[in-house]
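Student: What follows is a structure written as structure tokens; I'll ask about it next.
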């Protein structure tokens, strides 16, 4: 159902949802290396105008989810992509204070800890909402073209 993104097929995509872990308050080097390899796509502007969202995980609360989002957005901007945040479209789930929950208006998120913590049901619901939301925006943009 879902495909891994490779440089050879990324220009064919209608939109993107990028997910990556956080390292020291920014995207992991492996994902940055992937984006660094998109220079050819940047030069020819093959990703310009395509919608993109992001989701992320951190090792702990306060581990840099929002700074990770802010640093990742710069990569999208240089490609001329359209950043699609989820804002507060997730409704009441965005304001949940009784349970530990990752994510923000920038995108869905989770806290991975040492790898033993799995995303909560609420975090998974937010991620599913984000996917549907970005797909709807992508369809609108593609239909308008």
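The values are calculated or read from the model by the stated rules, or taken from the named source; none is laboratory data. As the structure is a prediction and not an experimental result, all values here were calculated from the model. Please note: Cβ atoms are built from the backbone with ideal geometry, for glycine as well, and neighbour counts cover all protein chains shown.
Student: I'd like to verify a number: residues in region 24-50 that are touching a residue at least 40 places away in the same chain (Cβ under 8 Å), over 12 Å from residue 76 (Cα atoms) and over 16 Å from the mean Cα position of the chain (by Cα), how many?
Tutor: The number of residues fulfilling the criteria is 1.
Student: Select from region 51-84 the residues that are farther than 19 Å from residue 32 by Cα and more than 14 Å from the chain's Cα centre (by Cα) and list them in ascending order.
Tutor: In the first step, residues of region 51-84 are kept if they are farther than 19 Å from residue 32 by Cα; the result is 60-62, 84.
Once the filter is applied, which keeps residues that are farther than 19 Å from residue 32 by Cα and more than 14 Å from the chain's Cα centre (by Cα), region 51-84 yields 60, 61, 62.
Student: Can you find, within region 94-109, the residue that is nearest to residue 52 (Cα to Cα) among those that are modelled with pLDDT under 95 and surrounded by fewer than 16 Cβ atoms within 10 Å (Cβ to Cβ)?
Tutor: Per the stated criteria, the residue is 95.
Student: Considering only region 95-138, how many residues are farther than 23 Å from residue 23 by Cα and touching a residue at least 12 places away in the same chain (Cβ under 8 Å)? Quick ask: steps written out before the conclusion?
Tutor: Within region 95-138, the first condition is being farther than 23 Å from residue 23 by Cα, and the residues that meet it are 95-99, 121-122, 125, 128-129, 131-138.
Subsequent filtering for residues that are touching a residue at least 12 places away in the same chain (Cβ under 8 Å) retains 96, 99, 122, 125, 129, 131, 133-135, 137-138.
Residues in region 95-138 being farther than 23 Å from residue 23 by Cα and touching a residue at least 12 places away in the same chain (Cβ under 8 Å): 11 in total.
Student: Filter region 6-51 down to the residues that are touching a strand residue (DSSP E or B) at 6+ places or on another chain (Cβ under 6 Å) and part of a strand (DSSP E or B) and list them by number. Don't jump to the end; show me each part of the working.
Tutor: Step one: list which residues in region 6-51 are touching a strand residue (DSSP E or B) at 6+ places or on another chain (Cβ under 6 Å), which gives 15-22, 27-28, 31, 51.
Hits for region 6-51 are 16, 17, 18, 19, 20, 21, 22, 27, 51.
Student: Related question: State whether one or more residues within region 85-103 are assigned to a helix (DSSP H, G or I), under 13 Å from residue 56 (Cβ atoms) and under 13 Å from the mean Cα position of the chain (by Cα). Talk me through it step by step, then tell me what you get.
Tutor: If we filter region 85-103 for residues that are assigned to a helix (DSSP H, G or I), which is where we start, we get 91-95.
Filter once more, so that each one left must be under 13 Å from residue 56 (Cβ atoms): none.
No, region 85-103 contains no residue that is assigned to a helix (DSSP H, G or I), under 13 Å from residue 56 (Cβ atoms) and under 13 Å from the mean Cα position of the chain (by Cα).
Student: Quick check, is residue 118 exposed (fewer than 12 other Cβ atoms within 10 Å of the Cβ), modelled with pLDDT of 95 or more and either out of contact with any strand residue (DSSP E or B) (no Cβ under 7 Å at 6 or more places or on another chain) or assigned to a helix (DSSP H, G or I) (or both)?
Tutor: No: the conditions fail for residue 118.
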